[in-house]
1. Sort through 76, 80 and tell me the only one that's among the acidic types (Asp, Glu) and more than 20 Å from residue 31 (Cβ to Cβ).
2. Output the number of the condition that residue 109 fails; it satisfies all remaining conditions of (1) modelled with pLDDT of 75 or more; (2) surrounded by 15 or more Cβ atoms within 10 Å (Cβ to Cβ); (3) not in a helix (DSSP H, G or I).
3. Give the residue, chosen from 55, 130, that is within 22 Å of residue 28 (Cα to Cα) and touching a helix residue (DSSP H, G or I) at 6+ places or on another chain (Cβ under 7 Å).
4. Any chance you could count how many residues in the range 112-124 are polar (S, T, N, Q), exposed (fewer than 15 other Cβ atoms within 10 Å of the Cβ) and in a helix (DSSP H, G or I)?
5. Taking residue 136 as meeting all but one of (1) within 19 Å of residue 29 (Cα to Cα); (2) surrounded by 20 or more Cβ atoms within 10 Å (Cβ to Cβ); (3) in contact (Cβ under 8 Å) with a residue 60 or more places away in the chain; (4) under 12 Å from the mean Cα position of the chain (by Cα), write down the number of the exception.
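The values are calculated or read from the model by the stated rules, or taken from the named source; none is laboratory data. Here the structure is a predicted model, which means the values were calculated and not measured. Every residue, glycine as well, gets a Cβ built from its backbone with ideal geometry; the counts of neighbours run over all protein chains shown.
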Amino acid sequence: MSKFTCIVFCAVAMSLCVFVESQEANSIFHGAIKPLIVECAKEYGLSQDTLQKNRGPDGLKNLPPCFIGCVLKKFDIIDDKGKYDADSGIAAIKKLLPNNEYLEKITAVLKDCESVNDKTVSDGDAGCERAVLGAICYMEHKTIVLA
């Protein structure tokens, strides 16, 4: 199950864990996001194989957008109006990693990705398409954060 969760975690691009290199911080974040991913994977009937095949920004586009939306909503990054909420995401990360050396960089990325709210989506308040845009934005920024 641990391998499954790790694969799902990467597939969803909730790989905010890539922002934190310490094993302790990674473990804390993984522990917090794991139940959300497992719950949403069950809800959308996603197998380990499907998730593993669809890792990375291109793979995210092959997963059900509402699966990604489910995870990001449960983590409070997508609000009930289907909008990306950087401040809420920052608050969640601060609770998990209050003293992490990458917190400033994570905050900058979350704020930068707020631009996904300016993009046109066809699902309105559902927030599924916007969640995919946000997840892709995270992944595109991971090299900046680790630099």
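1. 80
2. All conditions are met except number (3).
3. 55 is the lone residue from the list that is within 22 Å of residue 28 (Cα to Cα) and touching a helix residue (DSSP H, G or I) at 6+ places or on another chain (Cβ under 7 Å).
4. Residues flagged as polar (S, T, N, Q), exposed (fewer than 15 other Cβ atoms within 10 Å of the Cβ) and in a helix (DSSP H, G or I) within the range 112-124 amount to 1.
5. (2)
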